[in-house]
1. Please pick out the residue among 207, 181, 174, 161 that is surrounded by 15 or more Cβ atoms within 10 Å (Cβ to Cβ), under 16 Å from the mean Cα position of the chain (by Cα) and either farther than 20 Å from residue 109 by Cα or not polar (S, T, N, Q) (or both).
2. In segment 285-295, is there at least one residue being farther than 19 Å from residue 180 by Cα, crowded, with 24+ Cβ neighbours inside 10 Å and charged (D, E, K, R)?
3. Which of the following residues is surrounded by fewer than 22 Cβ atoms within 10 Å (Cβ to Cβ), under 25 Å from residue 282 (Cβ atoms) and at pLDDT 95 or above: 226, 266?
4. Is there a residue being at pLDDT 95 or above, closer than 23 Å to residue 123 by Cα and either in a loop (DSSP other than H, G, I, E, B) or in the same structural domain as residue 122 (by TED's automatic domain parsing) (or both) anywhere in segment 41-56?
5. Give me the residue from segment 102-113 that is without any contact (Cβ under 8 Å) to a residue 60 or more places away in the chain and part of a loop (DSSP other than H, G, I, E, B) and, out of that set, surrounded by the most Cβ atoms within 10 Å (Cβ to Cβ).
6. Here is a check on your reading of the model: is residue 325 within 30 Å of residue 33 (Cβ to Cβ), at pLDDT 95 or above and of a type in the set (Val, Ile, Thr)?
7. Out of 316, 334, 323, 301, which single residue is among the charged types (D, E, K, R) and either crowded, with 20+ Cβ neighbours inside 10 Å or touching a helix residue (DSSP H, G or I) at 6+ places or on another chain (Cβ under 6 Å) (or both)?
8. Hey, can you tell me all the residues within segment 222-260 that are touching a residue at least 40 places away in the same chain (Cβ under 8 Å) and either among the polar types (S, T, N, Q) or not assigned by TED's automatic domain parsing to the domain that holds residue 284 (or both)?
Amino acid sequence: MSTLVLDARWLSTGLGTYTLNLIRGLRQSGEFDVRLLTLPKYRDRLRQFDYEITIADVPIYSIREQFQIAWAAQGSDLLHVPHYNAPIMRRGKLVVTIHDLTHILDATQRRTLKSWVYAQPMLRLTALRADHIFTVSEYSRRQITEHLGVDAGKVTVVYNAIGPHIFPEPRDEARARTQQAFSFDGPYILFVGNLKPSKNVAGLLKAFSVVKARGRIPHRLLVIGDDTTGRPATMRLAQQLGLDGAVTFVASVSDDQLRYAYCGADLTVMPSFEEGFGLPILESMACGTPVTCSDSASLPEIGGPAAEYFDPRDAESVAAAIEAVLLSSDRWSELQQLGLQRATGFTCADFAQRHCAVYRRFMGET
């Protein structure tokens, strides 16, 4: 049986969801002999999959990983690194996942030292070195071919899957659990993601202040996600807008808390300028909660007809979309049903099989 090595050192945020869903799907298929490279803190979490685990205690985005990950993957038929931090010195077959080009496309991140010194050069080197590239939307595929000079035939789109921890819960119970966990009362609108500029949380706060000023809905805003550089400015803006008592910030949550937050919300809002995929859209839909989101980047591709769209650069447009859903029970119910239906098309089994089809090509199998 051919040996596949998967770099599983990043098991948090959306990248972690991608990696864990891939491992689950590979375990179900049983097609390959899989070995996982991971950090010591994740060993116990990965034991449930009954794969060989190799500890690669090396920081992500470091010079050391260029050598140690290549060395740890020696003897394997194929190495898959689910991010752009791939060991470009590896001699064997290498496939990577480039989820988005935010470091190139987003003006704020493009100007950072990290982007100039590491992200942009590594994206280009990895795209050149990899035998094949996975990405998560047709939007990202177009950006990769345009900005990294990659032939379209070298890039395969595999939409993200919805993890098994995401499913509908009774709305009243989920809301009560969320209110108790995060110490607030009343109905709420939800945002899930980090606080980096590309996520446009500032735009959401401005739109929410417009909504609150009109006084037509009683909701508060629950923001789940963190970013050490973005948090101070975000908190200051909320205060400046007079939203101190109407916004709850939560840095991180468990899988169960995230599911309850989705299920208990009346609406999930995703106002991003740039997204390679936008997993919270589908996770919310799978929990039976309607979604309103940007008409930018990959989000219309992922949300399809099951979301209410807005211009993320226009606070009035965002506010109007929020009110269009929350003030119309017919529209709310329509989006709920469309969302539940759309979410059924993003399964771990299909996600894994699309990866396996590419793996076979580079392992010499048919």
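The values are calculated or read from the model by the stated rules, or taken from the named source; none is laboratory data. Only a predicted model underlies this, so the values are computations on that prediction, with no experimental measurement involved. Cβ coordinates were reconstructed from backbone atoms using ideal geometry, including for glycine residues, and neighbour counts include every protein chain displayed.
1. Residue meeting the stated conditions: 161.
2. No, segment 285-295 has no match at all.
3. Selected residue: 266, the only one of 226, 266 that is surrounded by fewer than 22 Cβ atoms within 10 Å (Cβ to Cβ), under 25 Å from residue 282 (Cβ atoms) and at pLDDT 95 or above.
4. The answer is yes, given that some residue of segment 41-56 is at pLDDT 95 or above, closer than 23 Å to residue 123 by Cα and either in a loop (DSSP other than H, G, I, E, B) or in the same structural domain as residue 122 (by TED's automatic domain parsing) (or both).
5. Among them, the one singled out is 112.
6. Judged against the criteria, residue 325 is not a match.
7. Just a single option satisfies the conditions, and that option is 301.
8. Of everything in segment 222-260, those that are touching a residue at least 40 places away in the same chain (Cβ under 8 Å) and either among the polar types (S, T, N, Q) or not assigned by TED's automatic domain parsing to the domain that holds residue 284 (or both) turn out to be 248, 257.
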